[in-house]
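What follows is a single structure, written as structure tokens, with notes after it.
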Amino acid sequence: MGQEVSISYQAVKSKVYRLIDALVEDAKTRGDVQDSVKRWWKLVHPADRPVARKYLMMVLEKSNASLEAISDGLLQFAEGQPEPPKLSKVHTSVSDQAQVQSRI
């Protein structure tokens, strides 16, 4: 099979982010990215593919949520909606912290 790739959450995240960056920077086309993913997938050992798929889906879901948040924030700003109020840090008292600890 040739060289196999490392499967860890960090390795998958790094691969995805490098591909996204290449697409954003116009270093790769959408087709190039798809081909790169296909080549990468062939290098993943069949026994590691369920874990690789799990990590890939986790990274893609989080990346998609991040893009949606950016897009939503930009749309709110562009439409002239006021920014949401800034929340101040909540300082809990020692008794509040003790109650939280007792629930754990």
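Every residue, every condition in (1) at pLDDT 95 or above; (2) aliphatic (A, V, I, L, M); (3) surrounded by 13 or more Cβ atoms within 10 Å (Cβ to Cβ), yes or no:
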position	(1), (2), (3)
Gln34	yes, no, no
Val44	yes, yes, yes
Asp48	yes, no, yes
Val51	yes, yes, yes
Val59	yes, yes, yes
Lys62	yes, no, no
Ser66	no, no, no
Filter the stretch 68-84 down to the residues that are surrounded by fewer than 11 Cβ atoms within 10 Å (Cβ to Cβ) and either touching a residue at least 40 places away in the same chain (Cβ under 8 Å) or of a type in the set (S, T, N, Q) (or both) and list them by number. Ser71, Gln81
Does Asp32 meet the test of being part of a helix (DSSP H, G or I) and closer than 21 Å to Glu4 by Cβ? no
Taking Ser14, is it closer than 16 Å to Lys62 by Cα, without any contact (Cβ under 8 Å) to a residue 60 or more places away in the chain and hydroxyl-bearing (Ser, Thr, Tyr)? yes
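The values are calculated or read from the model by the stated rules, or taken from the named source; none is laboratory data. Computed from a predicted model, the values in this text were never measured in an experiment. Here Cβ is always computed from backbone atoms with ideal geometry, including for glycine, and neighbour counts include all displayed protein chains.
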